[in-house]
Amino acid sequence: RRATDDDRTAQKYVVGANWYPASRLSLSTEYFHKIRDNDFDHPGDTTSNLPGSLMRYPAFLRAQSFDTDDVSFRASFRPAGTLRVVGRYDFQRTTLDTRPDNLSEIQTSEMTGHIASGSISWVPWARLYLMGMVSYVFDRTETPASAATPLVADAHNDYWSLTASVGYALDERTDLEVQYLYYLADNYVDRSAVSTPYGAGAEQHGILVGLNRRFNARTRLGLQYGFFDYQDELSGGHRDYQAHLLYTTLSYRF
C-alpha cells in the first residue's frame, strides 16, 4: 500500500532564425532546451526500501529529471510556381537522471534521435494536386545496465514512413482523395536465449479513398474507405491482420 504525491516542473527555451536567400528559397533553424523535473513524496508506504530489502517497489523512486536538447534545420524550395520541395533534419538528445530511495542520483539512460524528412507537392492544374512525404527516424536509448548484464539491451527504435496522396476536385463542392501509407520498423532481435525479445519489427501498407461534399459554407459530409495490411515480427505473426475500414463524417460549423 502506498500514497504518492508528485510534483512536476518544466521549462523550455527556444531560439530560431529564418533566412530568405532567394525569392523561391527559404532556410530556417531552431534550437530548444527543455528541462522537466519530477519529485515524488510517499507519505504512505508499507514497503521497505532499505538497501537490504528484497522488495523495493512500488515507492522506490524519489526524483527523475529529463534534459532535452534539440536542433533542427529546414529548407523550402519552389522551383516552379506549382511545385514545392521541403526538407528537414532534427537532432535530439535527452538524458534521464534518477534518484532512488536511499541511493545516490545516477544517469539511467541517454536517448539520441536523428530525424530526416522530405516532402514534395505539385499542383499541375487547379483541379488536381499530388503530394508525397517520406521520413526516417534513427533512435537509440542507452542505459548503463546494458554494460552490466546481457539481460538488458539498449533500445533501437528506428522506422521509415511514407505517404503519397492524389486529390481531384470533381466539381466546385466535391473532392476525391486517394492516399497510400507505408510504415517499416526493423528493430526486432531474438534475445530469447538470455532475455525477453524486444524491438519493433513491423511492416504496414494502407490505402485510403475519401469523398468529401460541401453542401454550404457550414456543412460538410465525408465518406472514407480504407484497407490495411499489417505484419508484426515481434509477436511471431500472431498480431498480423488485414482490415477494411469504412466510415462517414458530418461536420457543421457554427
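The values are calculated or read from the model by the stated rules, or taken from the named source; none is laboratory data. Quick caveat: nothing in here was measured; it's all calculated off a predicted structure. Positions of Cβ are backbone-derived with ideal geometry, glycine not excepted, and every protein chain shown enters the neighbour counts. The accessibility values were calculated without ligands, DNA or RNA, using every heavy atom of the protein model including side chains. Shrake-Rupley method; radii C 1.70, N 1.55, O 1.52, S 1.80 Å.
Comparison of P150, P100, P124, P79 shows that the only residue that is within 30 Å of D5 (Cα to Cα) and not β-branched (V, I, T) is P100. Hey, among the residues in the stretch 151-183 that are over 24 Å from the mean Cα position of the chain (by Cα) and part of a strand (DSSP E or B), which one's surrounded by the most Cβ atoms within 10 Å (Cβ to Cβ)? In this case the residue turns out to be D175.
I'm trying to understand the selection: among the residues of the stretch 139-150, which are part of a strand (DSSP E or B) and either open to solvent by 70 Å² or more (accessible area, probe 1.4 Å) or modelled with pLDDT under 90 (or both)? Full working, then the answer.
Taking the stretch 139-150 and keeping what is part of a strand (DSSP E or B), we get 139-142.
The one that is part of a strand (DSSP E or B) and either open to solvent by 70 Å² or more (accessible area, probe 1.4 Å) or modelled with pLDDT under 90 (or both): E142.
Within the stretch 1-20, take every residue that is open to solvent by 100 Å² or more (accessible area, probe 1.4 Å) and either among the acidic types (D, E) or touching a Phe, Trp or Tyr at 6+ places or on another chain (Cβ under 8 Å) (or both) and give me the one that is farthest from D70 (Cα to Cα). It comes out as D7.
Is the stretch 152-165 home to any residue that is farther than 25 Å from V71 by Cα and touching a helix residue (DSSP H, G or I) at 6+ places or on another chain (Cβ under 8 Å)?
Applying the first criterion (farther than 25 Å from V71 by Cα) to the stretch 152-165 yields 152-153, 164-165.
Keeping just the survivors that are touching a helix residue (DSSP H, G or I) at 6+ places or on another chain (Cβ under 8 Å) gives 152-153.
The answer is yes; a qualifying residue exists.
Consider D186 carefully, then state whether it is open to solvent by less than 100 Å² (accessible area, probe 1.4 Å), over 26 Å from A126 (Cβ atoms) and free of Cβ contacts under 8 Å to residues at least 60 places away in the same chain. Step through it out loud before you land on a result.
Values: open to solvent by less than 100 Å² (accessible area, probe 1.4 Å): no; over 26 Å from A126 (Cβ atoms): yes; free of Cβ contacts under 8 Å to residues at least 60 places away in the same chain: yes.
Judged against the criteria, D186 is not a match.
Looking only at residues in the stretch 109-134 that are buried (at least 16 other Cβ atoms within 10 Å of the Cβ) and of a type in the set (S, T, N, Q), the one that is modelled with the lowest pLDDT is S109.
Answer with yes or no whether R74 is basic (K, R), part of a strand (DSSP E or B), surrounded by 15 or more Cβ atoms within 10 Å (Cβ to Cβ) and modelled with pLDDT of 95 or more.
Answer is yes for this residue.
Can you give me the number of residues within the stretch 21-51 that are open to solvent by 60 Å² or more (accessible area, probe 1.4 Å), farther than 17 Å from E105 by Cβ and at pLDDT below 70? The total comes to 2. Scanning the stretch 214-249 for residues that are of a type in the set (A, V, I, L, M, F, W, C) and under 27 Å from the mean Cα position of the chain (by Cα) yields F227, F228, L234, A243, L245, L246.
Condition check: part of a strand (DSSP E or B), at pLDDT 95 or above, farther than 29 Å from R8 by Cβ and open to solvent by 40 Å² or more (accessible area, probe 1.4 Å). Does F91 satisfy that? Against the criterion (part of a strand (DSSP E or B), at pLDDT 95 or above, farther than 29 Å from R8 by Cβ and open to solvent by 40 Å² or more (accessible area, probe 1.4 Å)), F91 does not qualify.
This table checks each residue for (1) closer than 30 Å to S76 by Cβ; (2) free of Cβ contacts under 8 Å to residues at least 12 places away in the same chain; (3) not β-branched (V, I, T).
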{"site": "W122", "(1), (2), (3)": "yes, no, yes"}
{"site": "Y129", "(1), (2), (3)": "yes, no, yes"}
{"site": "G132", "(1), (2), (3)": "yes, no, yes"}
{"site": "T143", "(1), (2), (3)": "no, no, no"}
{"site": "A153", "(1), (2), (3)": "no, no, yes"}
{"site": "D175", "(1), (2), (3)": "yes, no, yes"}
{"site": "R191", "(1), (2), (3)": "no, no, yes"}
{"site": "G210", "(1), (2), (3)": "yes, no, yes"}
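Scanning the stretch 103-136 for residues that are under 22 Å from R36 (Cα atoms), not in a strand (DSSP E or B) and not small (G, A, S) returns L103, E105.
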